[in-house]
Amino acid sequence: MADNLIQKKGESTWYVRLAVPVDVQAAMGGKSVLIQSLKTGLRKEAMNARLPILANWKAQFQAARDKRTNRGTAWKEGLANVAQDFSQTFRQLKIDTVLGEAKAIPDVDQADLHALHRYLFNGSESGQRRRTEADAVYALQGLDGEIASQDFAHKLLLESLGELLSHEAELSPAESEEMQTILLNPNAHKPRSPITTARLKTYREFRESRGGAPKHVDQQVGKMERLSEFLKKEELPINFDTVDNWLKSLNRAPATLGQYLMAGTAFWKWAMKYDAAWREEYKDKVNPFVGHELPQGGGSETAGQDREIYTRADTLKLHQAALDNGDKPLADLIALGWYTGARIEELCRLNKDNVVTIDGIRCFDFPRSKSKASKRIVPIHPSLLSTVDRLSKDTTDTFLIPAESTDKYGKRSHAISKAFGRLRTAAGFSKLHVFHSFRHTVVTELIRADVPDALAKELVGHETGSVTHDVYSKGASAVQKLAAISKLPSLTA
């Protein structure tokens, strides 16, 4: 029956037949098989006539599945709340019975009672089971009998409610079973995170397809993974209060918490626009990541505190510590940081071709990295020339600073940055001292040496904020820059 055609015994007419998948049988009126006459005895005509019918049936199957997908999981939480209310009502009823304070049951229409009885105790397998259970309950006498009757009534109410809801919502067998479980034990439903692995995978693919930088995408997806774990661990729904509790649990600086909120908002906007199930489930909800008041100066150990600068004595201490550890590349990196104020990745990407001569002055030609202003020419400090000559001569891969490895984003500074962090800690410096502190040091030293603000910014790769300078000016000459950079204190005696 690969072509879905059959002929009934004794008939010449062809029929189209299709088995109904178990998960959509409820939506198809409980049928396990669909059959329809094609009103022809010719097989060739039947082959063509069956196609639109099969297509229609399969479309109905998909519509039923889509309806279930779009329904999401919110119904489970609502059902658990209803079941909890019923449990509390019957619990109070039993307490009143034990205390002799049971209230009279209101009059009920006898016709309704008979109809309900016929439904609950019909000839089905479930009806026969209920009849057997009822006989056992009614055999009990006294207070035990009253309590057992109330428990049985509670169970019947939940079972019939479950069957009614299952039929009305066209639940799959698995969903119907889960509904009964929740009705009988409301605590069995524990809110699971709607930020599922599959959903995050789709979100990642979307961000990557829109040209998102791999590192940035990883960071945003990672933040949502951490939120998802929090939701599962705490058994909480995703709303404003939950996000607020999550932020408090992170113990991060305000700026970092802001990044978590931005990641959450980006995910929420994507889900509301591109995820049909999410859009349906949260269609009447506001973005829970907006409107938060972040702590001022709280959160992490260094939150709200400025980075410290390195003094000349600090830098000499770190430089010597690196040499004592036999880490010459790290010592050279520290010297480069002191004399340039460049970012660590900028320094690790310098190669001997970036050492150029402009107007007779040897300079570093920093390529663009973080911003337009990061592309700049910086004269080499006179005290650094011999070091640069040595590094250019000894390099095996053109780079001035050798790198043991790069991270998955291709950053050459990954390993040496970790090595610097360990060196800094071992040397007794706080977490407020980072490699980036050398930028703070250089800017501070230049300002204290009366170097004009625009020139200081030009040397470290910051935009001046002046349209005249940033757009129209070609910047200071190499001679002017050398005079300025030479004002940085020398590390040599």
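Selection of region 446-463 for residues being surrounded by fewer than 20 Cβ atoms within 10 Å (Cβ to Cβ) and part of a helix (DSSP H, G or I) yields I447, R448, D453, A454, L455. For S430, the stated conditions do not hold, so it cannot be described as surrounded by 15 or more Cβ atoms within 10 Å (Cβ to Cβ), in the same structural domain as K352 (by TED's automatic domain parsing), small (G, A, S) and closer than 27 Å to N325 by Cβ. Against the conditions (1) in contact with a Leu (Cβ under 9 Å, 6 or more places away or on another chain); (2) modelled with pLDDT of 90 or more, R390 satisfies every one except (1). Just one of the listed residues (T398, T340, T357) is touching a residue at least 40 places away in the same chain (Cβ under 8 Å), loosely packed, with under 14 Cβ neighbours inside 10 Å and out of contact with any His (no Cβ under 7 Å at 6 or more places or on another chain), namely T398. The set of residues in region 232-260 being within 20 Å of D284 (Cα to Cα) and within 15 Å of the chain's Cα centre (by Cα) consists of P237, I238, N239, T242, V243. Taking residues in region 234-255 that are of a type in the set (D, E), and partners anywhere that are part of a helix (DSSP H, G or I) and crowded, with 16+ Cβ neighbours inside 10 Å, the pairs with Cβ atoms closer than 8 Å and at least 6 places apart or on different chains are E234/T242.
Condition check ((1) within 30 Å of T340 (Cα to Cα); (2) modelled with pLDDT of 95 or more) across all residues:
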site	(1), (2)
F267	no, yes
W278	no, no
G299	no, no
L316	yes, no
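The values are calculated or read from the model by the stated rules, or taken from the named source; none is laboratory data. In this text the structure is predicted, and so the values were computed from the model without any measurement. We place every Cβ from the backbone using ideal geometry, glycine too, and count neighbours over all the protein chains shown.
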